[in-house]
Amino acid sequence: MRTAYVYGMCALLAGCSSLPRKLPAGSDRTLLYPPAIYKHEVEVRSSQGNYSFRGVVKISSTQILVVGLSPFQTTVFKIDDNRATGKVDIQIYQETLENHRVQLVEFYSWLREFLTLPRGTPGPKVTYYERNAAGDPVKIGLQMGKDLTRIHIRHYDENGVADDIQLEHPKFGVRVKVVGYEG
């Protein structure tokens, strides 16, 4: 039943040419990304090549669900993170991506930290934090092990959601554009 829900959610979001940008009244704004379903476009640069894909991220108080979609909108990978137990289940459905499982796990560990960053006070893994005139974070240094990831939030939308993010990690660079979300 749960798998059917995930695939249904992906089909619904993938089929939408433009997802609205709506958060329910009273949304939790203590995090950079309040609980919602986000659709995004991702460009990844690494020594192993450049990749572009679309994806869906569902954030709730109990779960982070990340689904990577192919150009044909089929599921390429799924990461299901149970925030209560800490169990992370990664499923890869494309054979060529299986060769990059270690990088996917490393990228998700960074992504999880970023998605759960507090909006106000920096978290414990943050080494620097710059804000814009409105008080929103625009530059963040996130220390993961021995690697420092530099994050530049290039734009916030009308709801205060970071919708254009550039990240530079010693092993890869990523640009994420949030194209829609619904709470």
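We did not get these values from a lab; they are worked out from the coordinates using the rules stated. Note that the structure is predicted; figures quoted are calculated from it, not measured. Using ideal geometry, Cβ is built from the backbone for each residue, glycine included, and neighbour counts are taken over all protein chains shown.
About the Cα centre of the chain, what is the dipole size in debye to 20, counting +1 per Lys and Arg Cβ and -1 per Asp and Glu Cβ, all else neutral? Don't jump to the answer; show the numbers that get you there.
On the way: 23 positive and 19 negative charges, 37 e Å.
That gives the chain a dipole magnitude of about 180 debye.
For a Förster distance of 22 Å, can you work out the FRET efficiency between the beta-carbons of Glu182 and Tyr93, rounded to the nearest 0.05?
0.35
Which three semi-axes in whole Å describe the equivalent ellipsoid of the chain, each the square root of 5 times a Cα gyration tensor eigenvalue, listed largest first?
For the chain, the semi-axes come out at 24, 21, 16 Å.
Length gain on complete extension for the stretch Gln63 to Ala133, per 0.36 nm per residue less the alpha carbon to alpha carbon distance?
22.0 nm
Quote the relative contact order of the chain in percent (integer), defining contacts as alpha-carbon pairs under 8 Å separated by 6+ residues.
Numbers: 337 pairs, mean separation 44.5, N = 183.
Here the relative contact order equals 24 percent.
Excluding same-chain residues fewer than 8 positions from Lys58, which lysines have a Cα within less than 28 Å of its Cα?
Lys22, Lys39, Lys78, Lys87, Lys125, Lys139, Lys171, Lys177
Build a GNM of the chain with springs between Cα atoms under 10 Å: which of Gly123, Gly68, Gly55 gets the top mean-square fluctuation?
Gly123
Quick one: if you stick a label point 7 Å off each Cα along the C-beta vector at Phe53 and Ala25, how many nm between them?
3.9 nm
Please give the calculated 222 nm ellipticity per residue for the chain, where each DSSP H segment of at least 4 residues contributes -39500 (n - 2.57) and the sum is spread over every residue; nearest 500 deg cm²/dmol?
For the chain, the value works out to -5500 deg cm²/dmol.
Would you give the gap between the C-alpha center of the stretch 101-127 and the C-alpha center of the stretch 133-183, rounded to a whole Å?
Rounded to whole Å, the Cα centres lie 10 Å apart.
Using Cα pairs under 8 angstrom and six or more residues apart, how large is the relative contact order of the stretch 85-183, in percent?
Answer for the stretch 85-183 is 12 percent.
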